[in-house]
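**Q** Here it is, the structure in full.
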Amino acid sequence: KQEVTQIPAALSVPEGENLVLNCSFTDSAIYNLQWFRQDPGKGLTSLLLIQSSQREQTSGRLNASLDKSSGRSTLYIAASQPGDSATYLCGSRGSTLGRLYFGRGTQLTVWP
Amino acid sequence: SAVISQKPSRDICQRGTSLTIQCQVDSQVTMMFWYRQQPGQSLTLIATANQGSEATYESGFVIDKFPISRPNLTFSTLTVSNLSPEDSSIYLCSVESQGVTEAFFGQGTRLTVV
């Protein structure tokens, strides 16, 4: 069974900082990995999807990397803003059209 | 991307009662999943909703407690039965389509059992 760990559990930074959120997984035979954002009490918003054959995926100020051999993915947030405050979750998928295995998330607070 | 409408967004229920959550998608999807997120925890898969047949439940989840229907390719319901305070969680539906291996989620249903 895939186990996903996210570090740190919580992060509080001033506006403007560049951040790295970490996600590690035990089974390197993943199909793809997805990063999500969750606002308090809400559903998940997909941020980036990175396929197992890719090493990086970028969207605006967000960049996700994937290293299957070491079982790690990172989400890089450039020039953080207060509106980035949320919980960030990573989910790994073992096969096409399969369920996701999630970490507990990193709760990010960006203060002005 | 799929647009998912999940209802209700929140509810407060008495113990011993049941709550049915609806998930409506704006297009036909191949897979529909139901997850539970307990306070401070990550998402746990309850079951995969199968169109026209019984749902596939994960270990620790049973049909009597979490009956699921999926009458067509755009709609599913999850019922949480015989509610207890331990059922207080956020429940989320998720969808995926053939050829688009990206998961999309509904807005979630925050259930509080008193």
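The values are calculated or read from the model by the stated rules, or taken from the named source; none is laboratory data. Source: prediction; values computed, not measured. Reconstructed Cβ throughout: ideal geometry from the backbone, glycine too, with neighbour counts over all protein chains shown. We work out accessible area using only protein heavy atoms, side chains counted, and drop any ligands, DNA or RNA first. Shrake-Rupley method; radii C 1.70, N 1.55, O 1.52, S 1.80 Å.
**Q** Does B:F33 fit the bill of being of a type in the set (F, W, Y), touching a residue at least 12 places away in the same chain (Cβ under 8 Å) and assigned to a loop (DSSP other than H, G, I, E, B)?
**A** Details: of a type in the set (F, W, Y): yes; touching a residue at least 12 places away in the same chain (Cβ under 8 Å): yes; assigned to a loop (DSSP other than H, G, I, E, B): no.
So B:F33 does not fit the description; no.
**Q** Right, here's the next one. Residue under question is B:S89, and the condition is that it be hydroxyl-bearing (S, T, Y) and more than 12 Å from the chain's Cα centre (by Cα); does it hold?
**A** Numbers: hydroxyl-bearing (S, T, Y): yes; more than 12 Å from the chain's Cα centre (by Cα): no.
Spelling it out, it is not the case that B:S89 is hydroxyl-bearing (S, T, Y) and more than 12 Å from the chain's Cα centre (by Cα).
**Q** Given (1) in a loop (DSSP other than H, G, I, E, B); (2) within 14 Å of chain A (Cβ to nearest Cβ), where does B:F66 come up short, assuming only one miss?
**A** Every listed condition holds for B:F66 apart from (2).
**Q** Working only within region A:89-112, note down all residues that are over 13 Å from A:V4 (Cα atoms) and not small (G, A, S).
**A** Kept after step one, since they are over 13 Å from A:V4 (Cα atoms), are these residues of region A:89-112: A:95-99, A:107-112.
Matches in region A:89-112: A:T96, A:L97, A:R99, A:Q107, A:L108, A:T109, A:V110, A:W111, A:P112.
**Q** What tally of residues in region B:61-75 results from selecting those that are touching a strand residue (DSSP E or B) at 6+ places or on another chain (Cβ under 6 Å) and open to solvent by 60 Å² or more (accessible area, probe 1.4 Å)?
**A** Our first condition is that a residue be touching a strand residue (DSSP E or B) at 6+ places or on another chain (Cβ under 6 Å); within region B:61-75, this holds for B:61, B:66-70, B:74-75.
Imposing the further condition that a residue be open to solvent by 60 Å² or more (accessible area, probe 1.4 Å) reduces the set to none.
Final tally of qualifying residues: 0.
**Q** Another question, if that's okay. Which members of region A:58-112 meet the condition of being assigned to a loop (DSSP other than H, G, I, E, B), without any contact (Cβ under 8 Å) to a residue 60 or more places away in the chain and either within 14 Å of chain B (Cβ to nearest Cβ) or open to solvent by less than 50 Å² (accessible area, probe 1.4 Å) (or both)?
**A** As a first pass, look at region A:58-112 and keep what is assigned to a loop (DSSP other than H, G, I, E, B): A:60-61, A:68-71, A:78-81, A:85, A:94-99, A:103-105, A:112.
Right, trim to without any contact (Cβ under 8 Å) to a residue 60 or more places away in the chain and you get A:60-61, A:68-71, A:85, A:97, A:99.
Listed by number, the residues that qualify are A:G71, A:S85, A:L97, A:R99.
**Q** Give the residues of region B:91-114 that are at the interface with chain A (Cβ under 7 Å from one of its Cβ atoms) and among the hydrophobic types (A, V, I, L, M, F, W, C), sorted by residue number.
**A** Scanning region B:91-114 gives B:L92, B:A103, B:F104, B:F105.
**Q** If B:A55 satisfies all but one of (1) modelled with pLDDT under 95; (2) open to solvent by 20 Å² or more (accessible area, probe 1.4 Å), what's the number of the condition it fails?
**A** (2)
Condition check ((1) open to solvent by less than 60 Å² (accessible area, probe 1.4 Å); (2) charged (D, E, K, R)) across all residues:
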{"site": "B:D26", "(1), (2)": "no, yes"}
{"site": "B:Q38", "(1), (2)": "no, no"}
{"site": "B:S42", "(1), (2)": "yes, no"}
{"site": "B:I46", "(1), (2)": "yes, no"}
{"site": "B:S59", "(1), (2)": "no, no"}
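**Q** Now for a different question. So B:L83 passes all but one of these: (1) modelled with pLDDT of 95 or more; (2) within 14 Å of chain A (Cβ to nearest Cβ); (3) outside any strand (DSSP E or B). Which condition number does it fail?
**A** (2)
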